[in-house]
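Worksheet: the structure to be examined is printed underneath.
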């Protein structure tokens, strides 16, 4: 595997059973992502987008095939290894922000670092403040989420995804709940982070504003990548 390839899925199959119905979510899917790519995964509902993100994010495992992350086979690693990979190497940005209401901005961003015992309290604070500076929210660190706009909440979610210094960020419809003007600002921010920090982004999106500005579009249909 080449050193600039961060992710490779090879002949990946995933099937779900809903009662007596068998759903073939991924059917021998192949995909390669390279370091620093800014990529959108496009497909209709039921095409396999969410399943693919769940497999890449170590939230689920394939029935067959192989998944390589930074050259390491992660197809069948144990739950502790999956948790460590998610916490150290993979950042997540969700459509609904997923902020914890009883925690302020600083505490929400700090949360992924709290379960990293090797990171000292001093380093945690420095990383959180750096991440908040990246998303231009330093002055809001003591605010609860319900005092923020939708765009500000998504910026907090982005800071939380970046605070662990991940290699790959997975974003599930990151602009779906935002108005057009705010969406453009979020896209500008993500592009800037991608270019300055060489963070690899994989989006799942229907947003044409985002699709028009990504470096690469991957189309998925019926569980396979369209050439």
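Arranged from fewest to most other beta-carbon atoms within 10 Å of their beta carbon, 6, 80 become 80, 6. Averaged over residues, the count of other Cβ atoms within 10 Å places the peptides 145-156, 19-30, 186-197 in the sequence 145-156, 186-197, 19-30, highest first. Between the Cα long axis of helix 79-88 and the first principal axis of the chain there is an angle of about 50°, rounded to the nearest 10. Compute the angle between helix 180-197 and the longest alpha-carbon principal axis of the chain, please, reported from 0 to 90 degrees and rounded to the nearest 10. Approximately 80 degrees, to the nearest ten. Sorting 162-174, 212-224, 128-140 by their mean Cβ neighbour count within 10 Å, with the most densely packed peptide first, gives 162-174, 128-140, 212-224.
Given 10 °C and 1.306 mPa s, compute D for region 1-155 with the Stokes-Einstein relation, Rh being the Kirkwood radius over Cα pairs; round to the nearest whole µm²/s. In µm²/s, the coefficient rounds to 89.
Computed from Cα atoms, the angle from the helix 121-134 axis to the main principal axis of the chain rounds to 80 degrees. Reducing region 159-198 and region 24-101 to their Cα centroids gives an inter-centroid distance of 17 Å.
What ranking do 50, 120 get, fewest neighbouring Cβ atoms within 10 angstrom at the top?
120, 50
Neighbour counts of other Cβ atoms within 10 Å put 184, 142 in the fewest-to-most order 142, 184.
Calculated on the alpha-carbon coordinates, the convex hull of region 45-97 measures out at 96 cubic angstrom per residue. Which of rounded, prolate, oblate describes region 106-200, given a ≥ b ≥ c as roots of the alpha-carbon gyration tensor eigenvalues and a/c under 1.5 marking rounded, otherwise prolate only if a/b is larger than b/c? Since a/c reaches 1.5 but b/c is at least a/b, the shape of region 106-200 is classed as oblate. Only Cα sites of region 173-227 enter the Debye sum here, all with the same form factor; the resulting log10 I(q)/I(0) across q = 0.13, 0.17, 0.20, 0.26 1/Å is -0.36, -0.59, -0.77, -1.11, listed in q order.
Judged by the gyration tensor of its Cα atoms, with axes a ≥ b ≥ c, region 77-118 is oblate; a/c meets the 1.5 cut and b/c is at least as large as a/b.
Just so you know, all these numbers are worked out from the coordinates, no wet-lab data involved. Keep in mind that this is a model prediction, so the values were computed, not measured. Glycine gets a Cβ as well: all are built from the backbone with ideal geometry, and neighbour counts include every protein chain shown.
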